[in-house]
Amino acid sequence: MDIERFVADCVAANAEANAQAAVNEVLARAVSTPGAVLAALGAPEKAGLTILLESPTLTIFSATWTPQMNLMPHNHLMWANIGIYTGREDNLFWQRTPDGIRAYGADALFEKDTAMLPEEALHSVTNPLQRFTGGIHIYGGDFFNTARSQWNPETLAEEPSDGTRIREMFQRENQRLGLAP
Ligand SMILES: [Fe+2]
C-alpha cells in the first residue's frame, strides 16, 4: 500500500458529489487487503494517532486501540468513515434525548469492514479483543480543530472535546498500560 497514493485518492474522492460515499470506496478498497495496510503503517504497539492528512475539508489518520481500550461517547460534527485493518472495533451509537444521551444501536467492525457515520452521529468505541486494533479514520472536515463534545462515561455529562483532549486520552491509556506515551 502506498500511503501517499491512498491520501491523494481520498482527496480526489472528496471532491465528488457524494464525497463521503466516494471516500468510503477508497477506504474499503484499502482495508480489503489489511495485510498491506499493516505493512505500510506498522503493527500497533500502543494507543495512538498517526495523522496522514489534515486539511479544512478532510482529515485522515490511523488510530490504534490498546487491548480492551474504551473511548467515551463523542460526536464529530462532520461525516466520518472508519475502516479496520487489524483487530476489531465495537461501536455503540447514542442519540440525544430530553433526558440526555441514550444508547440505541451497535455495530461490530472487523478487519476489512468500513462504517459510514453521518454528521450528527454520536458513538463510543471499544476494542473487545486482548490484542491491538488498528483502523483508518477519515472525517469530512478539520477534525482536530473543531470544538466538539464528549460525554462522561459514567454520568453522561456533556463536556467539550477537541484534538488535544483526544490525544491526552491516548496518552493516559498508554501510561495505564506502562507503555511509552
Ligand atoms: Fe469517533
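The values are calculated or read from the model by the stated rules, or taken from the named source; none is laboratory data. Not measured: the values here are computed from a predicted model. Counting neighbours? That spans all protein chains shown, and the Cβs are built from the backbone with ideal geometry, glycine included.
Only one of these is aromatic (Phe, Trp, Tyr), within 14 Å of the ligand (Cβ to nearest atom) and without any contact (Cβ under 8 Å) to a residue 60 or more places away in the chain: Trp79, Trp94. Name it. Give the derivation first.
Values: Trp79 fails: without any contact (Cβ under 8 Å) to a residue 60 or more places away in the chain.
Unique residue meeting the criteria: Trp94.
Quick check, is Gly178 in a loop (DSSP other than H, G, I, E, B), of a type outside the set (Val, Ile, Thr) and modelled with pLDDT of 95 or more?
On the way: in a loop (DSSP other than H, G, I, E, B): yes; of a type outside the set (Val, Ile, Thr): yes; modelled with pLDDT of 95 or more: no.
No.
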Failed item in (1) in contact with a His (Cβ under 9 Å, 6 or more places away or on another chain); (2) loosely packed, with under 14 Cβ neighbours inside 10 Å, with Leu49 passing the rest:
(2)
Could you list, in sequence order, all residues of region 8-38 that are more than 20 Å from Lys112 (Cα to Cα) and among the aliphatic types (A, V, I, L, M)?
Ala8, Val11, Ala12, Ala15, Ala17, Ala19
Of all residues in region 119-148, which are over 24 Å from Ala22 (Cα atoms), within 11 Å of the ligand (Cβ to nearest atom) and without any contact (Cβ under 8 Å) to a residue 60 or more places away in the chain?
Ser124
Please name all residue pairs, on different chains or six or more residues apart, with Cβ atoms under 7 Å, provided the first residue is in region 6-35 and is in a helix (DSSP H, G or I) and the second residue is aliphatic (A, V, I, L, M) and modelled with pLDDT under 95.
Ala30/Met1
